1. Can you say whether SER145 is assigned to a loop (DSSP other than H, G, I, E, B), loosely packed, with under 13 Cβ neighbours inside 10 Å, among the polar types (S, T, N, Q) and modelled with pLDDT of 95 or more, as far as the supplied structure shows?
2. Quick check on my filter: what residues within segment 66-78 are in a loop (DSSP other than H, G, I, E, B) and open to solvent by less than 30 Å² (accessible area, probe 1.4 Å)?
3. Would you say ASN50 is touching an Asp or Glu at 6+ places or on another chain (Cβ under 6 Å) and open to solvent by 20 Å² or more (accessible area, probe 1.4 Å)?
4. Which of the residues that make up segment 382-392 are open to solvent by less than 40 Å² (accessible area, probe 1.4 Å) and among the β-branched types (Val, Ile, Thr)?
5. Please find, among THR81, THR63, the residue that is hydroxyl-bearing (Ser, Thr, Tyr) and open to solvent by less than 40 Å² (accessible area, probe 1.4 Å).
6. Count, please, the residues in segment 91-131 that happen to be part of a strand (DSSP E or B), open to solvent by 10 Å² or more (accessible area, probe 1.4 Å) and farther than 17 Å from TRP66 by Cα.
7. Taking only segment 387-406 into account, find how many residues are touching a His at 6+ places or on another chain (Cβ under 9 Å) and within 20 Å of PRO359 (Cα to Cα).
8. Is segment 393-404 home to any residue that is of a type in the set (D, E, K, R), open to solvent by less than 30 Å² (accessible area, probe 1.4 Å) and touching a strand residue (DSSP E or B) at 6+ places or on another chain (Cβ under 7 Å)?
Amino acid sequence: MVSISINKLSKSKSFRISKRSFLILSFLLTYILVVLVPSNFAFGDTAGPNSPGMNIENSLVGTVHWTNMDDDKVSDNRYTTSTGNMNSGDATVYLEATNFGFSIPAGAIIEGISVNVERKANDTSFFDNAIRIVKNRTIGTTDKSSSNAWPISDGTITYGGTSDLWGETWTDTDINSANFGFAISVKKVGGSNNKKPSIDWINITVTYHIPTPTPTPTPTPTDTPTPTPPPSPTPTSTPTPTPTPTPTPTLTPTPSPTPTPTSTSTPTPTPTETPTPTPQENATLTIITRVNNTHGGTLNSSNIKTHVRTPAGYVYLRQNWFIEFLIKTAVADINNSGSDVSGSPADGSDAGISYSLTPGNYIVGEDGPPSGYEFKGFGGDCAPDGYITLNYNDNKSCTLTNGDINGAFNPSGGGGGGGGVAGASIELPEQNQVNNPDQISYSVPNAGELSSPEAPVSEDEILGASITLPETGSNLALGALYLLFISLIITGLVMIFMAISVRLSIKRSFKRYKLYT
């Protein structure tokens, strides 16, 4: 027995609870705390902070471009900055950071999205121009811009929060997509001229929870017993009397049997319907083309010819890709591999070009960047070498990004006019070799066609000039080939030396054997 005492006004009272009642009460409290409470409350989890895997520009707002766009992935005092100094009234284009590499569990409920930006400026007149979330490659409409000026030294600001969904409805697939991200634009209001904003690190943290499934009780069928009918009574006959004249005996009537009640039938359970399988439909692949005109280029996505092809052979292509890497041939140039699918090749598009394809392996690419541009890489669902695998009912996308090369469209470093002569060839050294823009040389092989070879070249005589840009990394490729060649020679010499050593060793052993014998 459990004894409980209650003291009240110096009077003591006590009552007893049996052990059985105490155990039952404890069990009920434990059940409420362990079983019922978790089913009514969801405990949140977080993923992140994750850094972007890809950064591009989007010109929906602003005019000032960004440079060193991949320097926003780590807090290391290496900054993504505006390409030029900004004056009052200037605003940057969107810096669009995507491919954050989340792996939110399937079925998770998204509770909030927090975006942290570590940034600074060399003037106190920089402010947020537009702060937006990116969902499925589309910049959202909810703006989270702060009214506070950017700090002079590194400072981190948080946009959104653990319960802020940025005006959108989210699924785990939306967050895990390479097309999920964040877009930021900065403006300058007043202050000194010729100043720059800088971003050190962008990262995202997602708050979510896994819903607790509510168990559905399975009803236990109750059998209805069939009643047993009572036995029917046997009729009793009256014996025949002696021959004494007596009245004719009357037979005792047989009582009517008690009717048997109709038994209640057991209900037949409803059969479980077999779910209809999802129809197997072709996959959809969308090819998006982006062109970053950061250094004065004027091309747009429609100037890039894109391809979707079936691979000619996995091993062959991978070997060919390795050779192309050594000789610095663009990964995107796939003219000599596989065959184009229906609708390919096609002009590039910012909105994307969709293909309906049967499941299998495909390779995405382009004809190679135009003169003055370089291929920046693949984004979305494509692998770094352009490969993608499609299954039934897939809906995937690949983004091909090209960018203009620094110095390709403004070799003199000045504003305004161009440079060159009709039919001339302009050769630009590698960027890391040009310390002074005035050191760039211009060769004019057809100078005799000018009005006077000694006359200065005017801007009106530039039309038709061709620009030859040296391949960045070609020295690395030639060095790799050279090291490969040297390693093969050294390997051959080592093998010859080993063969001679083995031969000499055999001869010595044979001589010793002859001496002993």
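The values are calculated or read from the model by the stated rules, or taken from the named source; none is laboratory data. Note that this is a predicted model, so its numbers are computed, not measured. Heads up, the Cβs are rebuilt from the backbone with ideal geometry, glycines too, and the neighbour counts pull from every protein chain shown. Please note that ligands, DNA and RNA were not included when accessible areas were found on the heavy atoms of the full protein model with its side chains. Shrake-Rupley method; radii C 1.70, N 1.55, O 1.52, S 1.80 Å.
1. Values: assigned to a loop (DSSP other than H, G, I, E, B): yes; loosely packed, with under 13 Cβ neighbours inside 10 Å: no; among the polar types (S, T, N, Q): yes; modelled with pLDDT of 95 or more: yes.
So SER145 does not fit the description; no.
2. First, pick out the residues of segment 66-78 that are in a loop (DSSP other than H, G, I, E, B): 68, 73-78.
Result: no residue meets the conditions.
3. Numbers: touching an Asp or Glu at 6+ places or on another chain (Cβ under 6 Å): no; open to solvent by 20 Å² or more (accessible area, probe 1.4 Å): yes.
Taking the combined requirement at face value, the residue does not satisfy it.
4. Keep residues of segment 382-392 that are open to solvent by less than 40 Å² (accessible area, probe 1.4 Å), which gives 382-383, 385-388, 390.
Listed by number, the list holds a single entry, ILE388.
5. On the way: THR63 fails: open to solvent by less than 40 Å² (accessible area, probe 1.4 Å).
So the residue among THR81, THR63 that is hydroxyl-bearing (Ser, Thr, Tyr) and open to solvent by less than 40 Å² (accessible area, probe 1.4 Å) is THR81.
6. Here the count works out to 5.
7. Here is the first cut: in segment 387-406, the ones touching a His at 6+ places or on another chain (Cβ under 9 Å) are 403-406.
Checking the rest, the ones that are also within 20 Å of PRO359 (Cα to Cα) come to none.
Looking only at that region, the number is 0.
8. Start the filter on segment 393-404 by keeping residues that are of a type in the set (D, E, K, R), which leaves 394, 396, 404.
This time we only want the ones that are open to solvent by less than 30 Å² (accessible area, probe 1.4 Å), so: 404.
Checking which are touching a strand residue (DSSP E or B) at 6+ places or on another chain (Cβ under 7 Å) leaves us with 404.
Checked segment 393-404: at least one residue is of a type in the set (D, E, K, R), open to solvent by less than 30 Å² (accessible area, probe 1.4 Å) and touching a strand residue (DSSP E or B) at 6+ places or on another chain (Cβ under 7 Å).
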